[in-house]
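Note sheet for the following structure.
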Amino acid sequence: MATRRSFMIGATLAAPALLRKAVAAEGLGLDPHLPAGTLSEAALEALPGKVPLIKLSYRPPNYETPLRYFNDLFTPNDAFFVRYHLSDIPEVDPNTWGLTIGGDAAAKPFELTLDALKRDFAPIEIAALCQCAGNRRGLFDPHVPGVEWGYGAMGNARWKGVRLKDILERANLAKETIEISFQGTDGPAFDKTPHFVKSIPIWKALDPDTLVAYEMNGQALPHFNGAPARIVVPGWAGTYWMKHVTRITARSTPEDNFWMKAAYRIPTGKFPLVQRFLSQETVASTPITEMVVNSVITAPAAGDAVRMGSTLTVKGVAWDGGYGITSVEVSTDEGQSWARATLGPDVGRYSFRPWTFQVRATSKGPLTLMARASNAIGQTQTSALIQNPAGYHHNLMHRVSVTVA
Ligand SMILES: Nc1nc2c(c(=O)[nH]1)N[C@H]1C(S)=C(S)[C@@H](COP(=O)(O)O)O[C@H]1N2
Ligand SMILES: [Mo]
C-alpha cells in the first residue's frame, strides 16, 4: 500500500498566482452584523475548480457559498463551501489512493483501493446537508473567535458511496469497540498542530446512512471537498465528514486528541439535542452531534426593491438533524404573527427541505421577512441565541428586509 507521501501528486494548495483574480467585495450580500474585519476583508475569489466563493481565509482555505445558491435544492459542486483546519492539502491520485482499516479493535485489518471500494460493496446514494457547526459564527453577539462564517458554511448534495458498516463488518470488530476514528491526507504546513483526526461513536458508525462517499451530485468528489473519498455522517455536523480519508481506526478506547478533546465541543446539556456522544462527554462539555433545526430565506435578497401592490414569492430551505421538517412559518410583522409556508418536495430526512410563501406588498417602506422552521420532535428555531464559547449551532431566525416602493 502506498505511503502517505507516495500517493500524492505533490502539489500543495495552489499559490495565490494560480487563483483567478479576486473580484471586488461589493455585491457579496454580507450580513452587516458580521465583525467589521470580516466585512472589510472578505472577498469573492475562485479556488481551482470552483466558482467565486466568499473567501474568509486562504491558508487554510475557508470559503463560503453565497446565499443565493441555496435557491437550488442541491448545491452545485463548484459552488460548495470549503472548510479546512490545516494548510498542507495534497491532491490525491485516485489510482494510488488507499484506505486502511485497522485499529486495536479490528481483528482483521485490511486495505482497499478505490476500485475495490466501488466493486466489493453495494453502492448507495443519500441526499444530505453538510454544515459546519460554526456556520453563522460571525453573527454571534457578542462576537466569538473562529472563522467568522455568515450563512454559507453549508451545502446540500446527493452523496454516493458505500456503507461504513459494510466495510467495518469485514474487519471483524471486537465487541469492545466504542469509537471509529478517521484521518485524511491533509496536515499542518509549518507548525506542530496535530493532524486532523475525528471519531464517532460505534453506534453512529454502524448507522446504515453513514457512508464512505466517492461521488457528490453524480460526479467524482471535487478536490476541495475530499477527493477521492470522504466520510458522510448524515444529520451530524460537518466536522466528522472526513475528507481525503485514508485511515479508519476501530478503537476500544476514546480518541484522545486536540480535535476531539478541545475542538467542536459545546457546554453539556445547553442545547436541545437528543443524540449523545457519551465516550467523549464530560460534566462541562460534550462533542457536537446532530444539527439543530434551522432555515434561511434565499429569495428575495436583503435590500431588494419590491413594487407596491405586487405579490412577492418568498423562498428558502429548512433542515434539522434528521428528524424531519414539519413546518416553516413566515412573519412579516417582526414575529407578532406567523403564517405557514408551503413545503416543497421531501427528498430525504437529511436533505434541505425547500419552502415558499406568497406575500402582498401593501404598504410602502421597509418590509421585514422572518422564517421559523419546526421539526417532527417538536423543536423550533430559537429567538434568543444560545451562547457558547466557540459559536456553534447558531439557529436564530433569519430576517431579510426589502424595500417596497
Ligand atoms: N481532511 C479533512 N476533512 C475535513 C476537515 C478538514 O479540515 N480536513 N474539516 C471538516 C469540517 S469542520 C467540515 S465543516 C467539513 C467541510 O466540508 P467541505 O469542505 O467539503 O465543505 O469537512 C470536514 N472534513
Ligand atoms: Mo466544521
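The values are calculated or read from the model by the stated rules, or taken from the named source; none is laboratory data. This one's a predicted model, so the numbers in the text were calculated from it and none came from an experiment. Don't worry about glycine lacking a Cβ; one is built from the backbone with ideal geometry, like all the others, and counts go over all protein chains shown. We work out accessible area using only protein heavy atoms, side chains counted, and drop any ligands, DNA or RNA first. Shrake-Rupley method; radii C 1.70, N 1.55, O 1.52, S 1.80 Å.
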Taking only C-alpha positions in the stretch 173-318, Rg and Dmax in angstrom work out to 19.3, 67
If the chain between ASP256 and THR362 were fully extended at 0.36 nm per residue, the gain over the current Cα-Cα distance would be 32.3 nm
Where a ≥ b ≥ c are root eigenvalues of the Cα gyration tensor, a/c under 1.5 meaning rounded, otherwise prolate if a/b exceeds b/c and oblate otherwise, the chain counts as prolate
Diffusion coefficient in µm²/s returned for the stretch 294-404 by Stokes-Einstein, Kirkwood Rh over C-alpha pairs, 10 °C and 1.306 mPa s, is 109
In nm, the gap between the two label points placed 7 Å beyond Cα toward Cβ at ALA299 and TRP338 is 2.5
As straight-line cross-link partners of LYS315, the qualifying aspartates and glutamates (C-alpha separation under 17 Å, not fewer than 8 residues apart within one chain) are ASP72, ASP304, GLU329, ASP346
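Probe radius 1.4 Å, ligands and nucleic acids ignored: give me the carbon and sulfur share of the accessible area of the stretch 219-351 as a rounded percent.
Working: 2620 of 5040 Å².
For the stretch 219-351, the apolar C and S fraction of the accessible surface comes to 52 percent.
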Share of Cα-Cα pairs in the stretch 335-374 beyond 17 Å, whole percent, is 46
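Can you work out D for the stretch 81-168 in µm² s⁻¹ from Stokes-Einstein, where Rh is the Kirkwood radius over C-alpha pairs, the temperature is 10 °C and the viscosity is 1.306 mPa s? Write down the numbers at each step before the final one.
Details: Rh = 16.4 Å.
It diffuses with D of about 97 µm²/s by this estimate.
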The extension gain from TRP203 to LYS108, computed as 0.36 nm times the residue separation minus the Cα-Cα distance, is 32.2 nm
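Loop-only check: which trypsin sites (Lys or Arg not before Pro) in the stretch 219-310 are DSSP coil with at most 12 other Cβ within 10 angstrom?
Working: sites: ARG230, LYS243, ARG247, ARG251, LYS261, ARG265, LYS270, ARG276, ARG307; in loops: LYS243, LYS270, ARG276, ARG307.
Filter output for the stretch 219-310: ARG307.
Given the rule -39500 (n - 2.57) for each run of at least 4 DSSP H residues, summed and divided by the residues of the chain, what is its mean residue ellipticity at 222 nm, to the nearest 500 deg cm²/dmol?
On the way: 5 runs with 27 residues, N = 405.
About -1500 deg cm²/dmol.
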So for R0 = 25 Å, FRET eff. of MET308-ASN71 from the Cβ-Cβ r, to 0.05, ends up at 0.55
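Once the other residues with Cβ under 15 Å from the Cβ of ALA133 are scored (Lys, Arg +1; Asp, Glu -1), what is the net sum? Walk me through the numbers before you get to the answer.
Numbers: positive: ARG83, ARG136, ARG137, LYS198, ARG265, LYS270; negative: GLU64, GLU148, GLU290, ASP320.
Result for the local shell: +2.
Normalising by the residue count of the chain, find the relative contact order in percent from Cα pairs under 8 Å and 6+ residues apart. Each step should come with its number before you reach the end.
On the way: 1016 pairs, mean separation 61.1, N = 405.
The value is 15 percent.
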The stretch 294-404: relative contact order from alpha carbon pairs under 8 Å, six or more residues apart, as a whole percent, is 37
Any lysines whose Cα falls less than 20 Å from that of LYS175, other than same-chain ones fewer than 8 residues away, would be LYS108, LYS165, LYS204
Ranked output for segments 325-333, 342-350 by mean other Cβ atoms within 10 Å, highest leading, reads 325-333, 342-350
Ordered by number, the GluC sites (Glu not before Pro) in the stretch 26-60 that occupy a DSSP loop and have at most 15 other Cβ atoms within 10 Å are GLU26
Semi-axes in Å, largest first, for the stretch 95-218 (Cα gyration tensor, √(5λ)) are 30, 19, 16
Cα-Cα longer than 26 Å, checked against LYS55/LYS364; LYS55/LYS261; LYS160/LYS198, kept in input order, equals LYS55/LYS364; LYS55/LYS261
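Work out how much length LYS118 to THR268 would gain on full extension: take 0.36 nm times their residue separation and subtract the Cα-Cα distance, in nm to one decimal.
On the way: separation 150, 0.36 × 150 = 54.00 nm, distance 3.95 nm.
Answer, rounded to one decimal: 50.0 nm.
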